[in-house]
Ligand code: AHM
Ligand code: MG
């Protein structure tokens with residue numbers, strides 16, 4: 001008889017059973033993220049039919065044009081977590097200030113990029129959501145800003161939802177990385193990728209190469225190196241770039257390789273956000289055996305100064321990331 005698939009709820013309950021001290025709240029929180037994923041996936045499937053493509057006419061705190069779907073995805077996180085009573089603060093790439101939620105005893109802080117890769121919204125290409133969970137000592141009644149501004153090593157869980165050909169929820173609670181695929185006919189996430197391990201080295205690089213002439217020499221030299229033919233080291237690498245960080249990192253998580261959004265000479269901080277993109281993906285990839293760096297520092301060790309700060313991101317297979325660092329630091 002075929003094995004009965006493991007649902008997200010069962011998996012979470014079993015994990016919780018291994019921690020008798022757990023109250024179960026954290027498990028509910030992960031289930032709620034799965035719910036947000038289902039709701040947004042539902043909207044995205046119909047986006048081309050329901051006049052919710054295009055922009056709202058506003059720009060966000062990052063100075064970027066807000067897509068209608070950015071707004072919808074952000075509102076979905078807010079609605080679900082305002083009702084859940086588990087989270088004392090929700091910080092989002094789309095909101096200038098973190099949203100405090102005064103729920104008695106709520107001890108988690110949630111940081112999200114509600115819709116990652118939003119340039120893909122109008123062209124039916126992959127999108128994602130990224131989340132990072134931290135524990136709060138003080139709760140929303142007192143200031144949480146300082147608590148939010150802590151290194152990525154303080155995350156207790158992180159992950160993403162990928163809205164691709166299927167919807168996937170991939171996360172870590174610090175004990176490996178697991179992937180669940182949404183089975184739309186029953187509305188359940190089923191365990192599809194247990195204990196994901198990223199290959200030590202890959203054959204794919206993922207970067208917006210249109211920025212080549214803006215990069216410092218070390219970064220350019222690394223990209224040149226990847227394109228040289230050399231059988232022994234598996235070069236040239238294949239280029240793959242979707243414009244959705246979640247989708248590109250997901251490919252690399254499963255198949256190996258390196259994703260880069262490096263610093264530019266005139267913009268050394270790069271484009272991606274430390275708190276909403278860099279830290280959560282770094283935790284996932286490290287938990288799968290890979291690494292993530294700014295080129296100079298481990299991402300999870302970067303001391304945040306502001307909530308919306310940007311960071312150069314080089315993430316993926318440990319050997320590939322190490323080699324990129326060597327070029328960026330002028331050691332290769
Ligand atoms: P977003 O969260 O506002 O969508 O921005 C992040 C996105 C990433 O998903 C993607 O890797 C990158 O920005 C693409 O940027 P670019 O168009 O400069 O290549
Ligand atoms: Mg993003």
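The values are calculated or read from the model by the stated rules, or taken from the named source; none is laboratory data. In this text the structure is predicted, and so the values were computed from the model without any measurement. Note that we place each Cβ from the backbone using ideal geometry, even for glycine, and neighbour counts take in every protein chain shown.
Of all residues in segment 203-221, which are closer than 30 Å to residue 193 by Cα and away from ligand 2 (no atom under 16 Å from the Cβ)? Before the answer, list the steps.
Of the residues in segment 203-221, the ones closer than 30 Å to residue 193 by Cα are 203-208.
Hits for segment 203-221 are 203, 204, 205.
For segment 65-86, name all the residues that are part of a helix (DSSP H, G or I), touching a helix residue (DSSP H, G or I) at 6+ places or on another chain (Cβ under 9 Å) and buried (at least 18 other Cβ atoms within 10 Å of the Cβ).
Answer for segment 65-86, where residues must be part of a helix (DSSP H, G or I), touching a helix residue (DSSP H, G or I) at 6+ places or on another chain (Cβ under 9 Å) and buried (at least 18 other Cβ atoms within 10 Å of the Cβ): 68, 69, 70, 72, 73, 76, 77, 81, 84.
For segment 87-98, give me the residue count where each residue is more than 23 Å from residue 311 (Cα to Cα) and surrounded by fewer than 21 Cβ atoms within 10 Å (Cβ to Cβ).
Number of matching residues: 0.
Restricting attention to segment 307-322, and to residues there that are part of a loop (DSSP other than H, G, I, E, B) and without any contact (Cβ under 8 Å) to a residue 60 or more places away in the chain, which single residue is farthest from residue 246 (Cα to Cα)?
309
Checking residue 155 against (1) within 16 Å of ligand 1 (Cβ to nearest atom); (2) within 30 Å of residue 222 (Cβ to Cβ), which test does it fail?
Tallying (1) within 16 Å of ligand 1 (Cβ to nearest atom); (2) within 30 Å of residue 222 (Cβ to Cβ), residue 155 fails exactly one: (1).
In the set 224, 230, which member is away from ligand 2 (no atom under 16 Å from the Cβ) and closer than 22 Å to residue 295 by Cα?
224
Can you tell me which of (1) within 16 Å of ligand 1 (Cβ to nearest atom); (2) free of Cβ contacts under 8 Å to residues at least 40 places away in the same chain; (3) closer than 28 Å to residue 153 by Cα is the one residue 204 doesn't meet?
In the conditions (1) within 16 Å of ligand 1 (Cβ to nearest atom); (2) free of Cβ contacts under 8 Å to residues at least 40 places away in the same chain; (3) closer than 28 Å to residue 153 by Cα, residue 204 misses (2) alone.
For segment 151-182, what are the residues that are touching a strand residue (DSSP E or B) at 6+ places or on another chain (Cβ under 7 Å), crowded, with 23+ Cβ neighbours inside 10 Å and outside any strand (DSSP E or B)?
155
Is at least one residue of segment 21-31 in contact (Cβ under 8 Å) with a residue 24 or more places away in the chain, surrounded by 16 or more Cβ atoms within 10 Å (Cβ to Cβ) and assigned to a loop (DSSP other than H, G, I, E, B)?
Among the residues of segment 21-31, not one is in contact (Cβ under 8 Å) with a residue 24 or more places away in the chain, surrounded by 16 or more Cβ atoms within 10 Å (Cβ to Cβ) and assigned to a loop (DSSP other than H, G, I, E, B), which makes the answer no.
Going through 191, 253 one at a time, which residue ends up being modelled with pLDDT of 95 or more and within 16 Å of ligand 1 (Cβ to nearest atom)?
Checking each option against the conditions leaves just 253.
How many of the residues making up segment 185-197 are on the phi < 0 side of the Ramachandran plot, touching a helix residue (DSSP H, G or I) at 6+ places or on another chain (Cβ under 8 Å) and surrounded by fewer than 22 Cβ atoms within 10 Å (Cβ to Cβ)?
Qualifying residue count, segment 185-197: 5.
Look at segment 263-282 and say how many of its residues are within 16 Å of ligand 2 (Cβ to nearest atom) and touching a helix residue (DSSP H, G or I) at 6+ places or on another chain (Cβ under 7 Å).
Residues in segment 263-282 being within 16 Å of ligand 2 (Cβ to nearest atom) and touching a helix residue (DSSP H, G or I) at 6+ places or on another chain (Cβ under 7 Å): 6 in total.
Restricting attention to segment 97-117, report how many residues are over 14 Å from residue 146 (Cα atoms), touching a residue at least 60 places away in the same chain (Cβ under 8 Å) and part of a loop (DSSP other than H, G, I, E, B).
Looking only at that region, the number is 2.
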